[in-house]
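In what follows, a structure is listed as structure tokens, so that the remarks can point back to it.
The values are calculated or read from the model by the stated rules, or taken from the named source; none is laboratory data. All of these numbers come straight from a predicted model, not from anything done at the bench. Virtual Cβ from ideal backbone geometry, glycine too; neighbours counted across all protein chains shown.
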Amino acid sequence: MLDRQCGSLDITPVQAHALIELEEQPLSVNQLASRLKVDKSNASRTTASLLNAGYLITQADPEDGRKQLSSLSPQGQALLNSLNQSLNLQVADFMAQLDQDEIDNLAQSLQRYTKAIQANKQQAGYQLRLLTPLDNAAMAAVVRRVSAEHGLTADKGYGVADPTLDALSEVYSEPDSAYWVIEKDNRIFGGGGIAPLAGEEGVCELQKMYFLPELRGKGFARRIAATALKFAREQGFNACYLETTASLQAAIKLYQGLGFVRIPHAMGQTGHDACEVRMLKTL
């Protein structure tokens, strides 16, 4: 990152990033350090080098006269414009090698990668691990609480009515099966699993994806689903099936984002006749 080469210009990537941030608004050294995710001394050196080269101007902070704010000089703006033009041309040359569908796929992948970085920050302090017998009661309680929240009562044929609900560790100790839970401070907040779909050779089922409100919005549903799909491929399954209900729109959107598509008919023998939304993903 300290090499003096960013695009075709004789500046470092850190200096280039500083110019980009300072184009938006004047910043103090501390503010620039926070934006650049570097320590204050690094930000100070970067600011000094750009100032000495004539790319920045400084002014007193109107709210605190002890502080100096840096902003782009006309030369600095011209340099940044040259950098943007240079890099845009470079990217255009790269994109010229790709067809439009490949460009669309790349854009979607980069967006998903960015969201994964954001989700990873939100997941700090939580642990994703395999279910153990000691988790049975806690995970069953999560299933019952979430089911009640959405009106998925046992008398309507949903998963909460499964006779094995209080012994999930036994269910998912079977071959080609696994169940993961999310734990923090010795408390279980949710989980999801995968197992062979009864009556369908080579097809598995994504099962019992339940998360307490405290866990939602942190990306764990996608993380468990992605973990389960990787596991399914390792076990040799060629497709993954799931059933849900139209009232769970957030879940449906998640599954669609993972590549599941709706199918008009039920598959296998799930025993959940109340789940009117059926989806399948080829592995």
Taking first residues from region 106-129 that are more than 19 Å from residue 216 (Cβ to Cβ) and second residues anywhere that are assigned to a loop (DSSP other than H, G, I, E, B) and modelled with pLDDT under 90, the pairs with Cβ under 8 Å that are 6 or more apart or on different chains are none
Write out, first by first residue and then by second, each pair whose Cβ atoms fall under 9 Å of each other, whose residues are 6+ apart or on separate chains, and whose first residue, in region 254-283, is on the phi > 0 side of the Ramachandran plot while the second is part of a loop (DSSP other than H, G, I, E, B).
268/197; 268/198; 268/199; 268/200; 271/157; 271/162; 271/198
It is to be established whether one or more residues within region 167-179 are hydroxyl-bearing (Ser, Thr, Tyr), more than 26 Å from the chain's Cα centre (by Cα) and farther than 19 Å from residue 224 by Cα.
no
Out of region 267-283, which residues are in a loop (DSSP other than H, G, I, E, B) and either aromatic (Phe, Trp, Tyr) or within 30 Å of the chain's Cα centre (by Cα) (or both)?
267, 270, 272, 275, 276, 283
Those residues of region 58-90 which are of a type in the set (S, T, N, Q) and part of a helix (DSSP H, G or I), in sequence order
75, 77, 81, 82, 84, 85, 86, 88, 90
Which of the following residues is more than 23 Å from residue 135 (Cα to Cα) and surrounded by fewer than 13 Cβ atoms within 10 Å (Cβ to Cβ): 199, 259?
199
Tally up the residues in region 226-244 that are farther than 21 Å from residue 175 by Cβ and surrounded by 14 or more Cβ atoms within 10 Å (Cβ to Cβ), please.
2
Enumeration of residues in region 27-57 that are outside any helix (DSSP H, G or I) and either over 16 Å from residue 11 (Cα atoms) or touching a Cys at 6+ places or on another chain (Cβ under 8 Å) (or both)
27, 28, 37, 38, 39, 57
Got a sec? Which strands (runs of 3 or more DSSP E) wholly within region 163-224 have at least 3 residues that are out of contact with any Ser or Thr (no Cβ under 7 Å at 6 or more places or on another chain) and among the hydroxyl-bearing types (Ser, Thr, Tyr)?
none
Please verify whether region 154-168 includes one or more residues that are farther than 18 Å from residue 270 by Cβ, touching a Leu at 6+ places or on another chain (Cβ under 8 Å), assigned by TED's automatic domain parsing to the domain that holds residue 245 and not β-branched (Val, Ile, Thr).
no
Within region 237-252, take every residue that is touching a residue at least 40 places away in the same chain (Cβ under 8 Å) and part of a strand (DSSP E or B) and give me the one that is farthest from residue 216 (Cα to Cα).
239
Does any residue of region 91-105 turn out to be over 27 Å from the mean Cα position of the chain (by Cα) and part of a helix (DSSP H, G or I)?
yes
Candidate set from region 180-231 (those that are more than 16 Å from residue 242 (Cβ to Cβ) and of a type in the set (A, V, I, L, M, F, W, C)); member that is farthest from the chain's Cα centre (by Cα)
188
